[in-house]
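Throughout, read-outs are computed from the coordinates displayed, never taken from laboratory work. All of these numbers come straight from a predicted model, not from anything done at the bench. Counting neighbours? That spans all protein chains shown, and the Cβs are built from the backbone with ideal geometry, glycine included.
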Amino acid sequence: MQLHHFLLAIISLAGTVQSFWLADIPHQGLAPFAGANYPVFRNVKDYGAKGDGVADDTAAINNAITTPGNRCGKGCASTTTTPVVLYFPAGTYLISSSIIPYYFTQMIGDASSPPTLKATANFQGFGLIDGNPYWTENLNWVSTNVFYRQVRNFIIDTTAIARGLLRRNVVFNMPKGNGVVHVGLFIESGSGGFMSDLTFNGGATGASMGNQQYTMRNLVFNDCGTAIIQLWNWGWTYIGLSINNCGKGIDISANSNGKQEVGSITLIDSTIVNTPVGIVTAWSSSSQPATAGTVVLENVALQNVPVAVSGPSGTVLSGSSSSTTITGWSEGHRYTPNGPTNQIGAITPNNRPSALLDGNKYYARSKPQYESLPASSFVSVRSTGAKGDAAADDTASIQNAIDSATSAGKVVFIDYGLYRLTSPITIPPGAKIVGEGYPVLMAAGGYWSNIDNPQPVVKIGATSGQTGVVELSDFIVSTQGAQPGAVLFEYNLASTGTPSGMWDVHTRIGGFTGSQLQVAQCLKDPGSGTVVQQCVAVYMSMHATKQSTGLYMENTWLWVADHDIDDNANTQITIYGGRGLYIESTEGRFWLSGTAVEHHVLYNYQLANTKDLFASELQTETPYFQPTPNALVPFKPNASLNDPDFASSCAGVGGNCAASWGLRVLDSTDVSIYGAGHYSFFSSYSTTCSTVEAGETCQSRIVSIEGASSNINIYNLNTIGSLSMLERDGRSVASWQDNVNVYPANIAIYRSG
Ligand SMILES: *[C@@H]1O[C@H](CO)[C@@H](O)[C@H](O)[C@H]1NC(C)=O
């Protein structure tokens, strides 16, 4: 998947405005593989940008991106070695052609006074920020391999551009030429994750987007011709949209040669005001593919929206010229719990546990940016001696920085670097930690070498059930070499009031310089089931322990590398990570907003004996090497962690039964999943199995609900490459053939009862 955090806050602050701490702190980020004197942090004003609304700053900004250093631009596949945090102080930056953020660039504006990027009247180019240019006939970066980017705290202003100047390129890239002139956000392709806090004012289209899947939260559209056009998707979850005074809300009617292009959308906790048509669909009982254009709505308030949903032959769901709220509605296939029934109409909304709510909506919180704090409130890990050079042992220095900052009520700043840890570190209650451009903490040395004795690397809370709250953002936990006993995150805290939060905090297992798990060590060997021991990398990505509770996760990606990011051919590698995200919290109360867990051997997500869990657009991929070897190799199932053993449950099931579960739910209650994409594209590195023609035979089963589980709800479940879409206690509930969608198979509503 692709990792974007696009956070565009348009904020007006009353009172004193001080400059943003990120500008004022010492800049000590170190990219150990980028060459000497490589600056990670770059303030565009130090590179000649004026930000005065008069000078053309395009060249200065692009210069700050491209030099110094050997950055990853034209012809470069991807990199982890040359990160840049490109900082824009407050001001107005005139832009006359596209700003092109090279691979691993984060563009960050002053959060307390967001800078304006203003297009000049004679602007030439595809977009103000062109994240993936066509320097040749192809996108420069493979759209599904664009990782670790952010754009946040900007106002993007195209009001000076005369009508038509952007038109050629935009219309050129869109299947429906409907006179689009200005498009705020354009996404053509990729496998995305998460965006939030965007405001779109005016324009023909607010956002025009095609992608596999996304969670998008807190998007405001004012006075747009159409707020959102979906070009294509597999699944998409919108939370907290506010669409005001637009011609249309969301248009998902795209089709080509009589086939619909949009798989499904889920829209919850949103409002649409003064807009003639809320959602435009092409769904009908005879449309193709059978389940394409599926819509699920829950808690959508309308005010002066005469048509809530329209279809090819007119109104499908009436709205109101005054006010009404759609408590629940769907068009598509239902399994409640058996099916399919192909239905249009009202549904009973999910029974939402009050522990997950803020008013009548699900709790959510955007990434804290600490814009009201001065630079003196931040403690750099370098101040306690951490090196981040991928060589020194930084365990004690990092622990010291965390402890001293937290006890002084300050925020820990992890400057960019690769920090080796040789024993576990503990994040205590009260800690606030923020990274610069995704620094990496790596389990290293011999501490985690025993595959039969799992030990945490980063403990959040010292012991299971310790009370308190933490805020963590923008960093990665990894390993250096094989650490088969490593549990990268152990979440122990009981955050019983305000939840703890993890925003843009990830695991990355292998596939980068410094990991010693790259092409040289772990080149794929399709067809050979021989396990290279030095590529058995981790025991588990993340464990939420029994007494833990109250964690909000947003845009978190737990990734066992399938390819080497620093290999210019993106060569595939075989890395073994045992388990993905395991939640066994008895109190529950977890929010997984735009999370993904990929390529773990036994399962990606597993919930056991838990409750009260909200998720949007869960995304998983099965390891590409399976079934050579299958999911029972090289990790022995551990009964005390409720690992699947693929023994009795596989009896009588043919095909690739012992394959990683995308999602396994044991003895859990009150789980509501708003969008899920569980994908199995490969069988022993061949993609032939994941086609409709081949019968989706990559694996036999992919989602399982077992035991004393109740009130498990999944909206827009999408699966690829699995014969059975969903199992209940070892019995297949739904097959892909019954639910064919644009590429995945889709179920609009699943209810376990
Ligand atoms: C099984 O999991 C438990 C609980 O985490 C752990 O204490 C034990 O060491 C694990 N055993 C093996 C063989 O992995």
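Computed values, structure above
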| quantity | calculated |
| --- | --- |
| For segment 68-82, 3J(HN,Hα) per residue [Karplus equation, 6.51 cos²θ - 1.76 cosθ + 1.60, θ = phi - 60°, Hz, x = Gly/Pro] | x, x, 8, 7, 8, x, 4, x, 9, 6, 4, 7, 10, 8, 10 |
| The chain: antiparallel DSSP beta bridges as a percent of all, rounded to 5 | 15 |
| Hits among lysines - C-alpha to C-alpha of K50 under 17 Å, sequence gap 8 or more where chains match | K118 |
| Cα-based shape type of segment 599-731, given that a ≥ b ≥ c are square roots of the gyration tensor eigenvalues and the cut on a/c is 1.5 | oblate |
| Nearest-20 debye value, segment 275-396 charge dipole, Cβ charges on Lys, Arg, Asp, Glu | 180 |
| Cα centre as origin, Lys/Arg/Asp/Glu Cβ charges: segment 174-309 dipole, Debye | 200 |
| By average C-beta atoms within 10 angstrom, highest first, the peptides 150-156, 563-569, 473-479 | 473-479, 150-156, 563-569 |
| Computed [θ] at 222 nm, helices only, for the chain once each DSSP H run of length n ≥ 4 contributes -39500 (n - 2.57) | -1000 deg cm²/dmol |
| Relative contact order, percent, the chain [alpha-carbon distance under 8 Å, six or more residues apart] | 9 |
| Cut-off 16 Å, label 7 Å out along Cα→Cβ of N245, residues of segment 187-206 by amide N | 199-206 |
| Segment D645-T159, extension gain: residue separation times 0.36 nm, minus the distance between their alpha carbons | 169.0 nm |
| Lys, Arg +1 and Asp, Glu -1 on Cβ, resulting dipole of the chain about Cα centre, debye, nearest 20 | 620 |
| Cα-based reach from K524 at 30 Å (exclusive), listing lysines while leaving out same-chain residues under 8 positions away | K74, K636 |
| Local electrostatic count, A569, Cβ distance below 14 Å [Lys/Arg +1, Asp/Glu -1] | -3 |
| Inter-label distance, nm, simple model (7 Å from Cα along the C-beta direction), L357/Q534 | 5.6 |
| In nm, spacing of pseudo-spin labels at T467 and K74 (7 Å Cα→C-beta vector) | 6.1 |
| Length gained when the stretch S318-V54 is fully extended (0.36 nm per residue, less Cα-Cα span) | 90.1 nm |
| Burial order of peptide ranges 454-462, 362-370 (average beta-carbon count within 10 Å, highest first) | 454-462, 362-370 |
| Per-residue HN-Hα couplings for segment 52-61 [Karplus 6.51, -1.76, 1.60; θ = phi - 60°; Hz; x = Gly/Pro] | 9, x, 10, 6, 7, 9, 4, 5, 5, 5 |
| The chain shape via C-alpha gyration tensor axes, a/c threshold 1.5 | rounded |
| Separation of the A391 and S686 label points, Cα + 7 Å toward Cβ, nm | 4.6 |
| Under 14 Å, Cβ to Cβ, from N741 - net charge with Lys/Arg +1 and Asp/Glu -1 | -3 |
| Estimated FRET transfer efficiency (N711, S732; beta-carbon r; R0 22 Å; 0.05) | 0.55 |
| Positive-end residue, segment 298-414 charge dipole about Cα centroid, Cβ charges, pick of G311, T395, A364 | G311 |
| Reach of K546 by Cα under 18 Å, taken over lysines that are not fewer than 8 positions away in the same chain | K459, K611 |
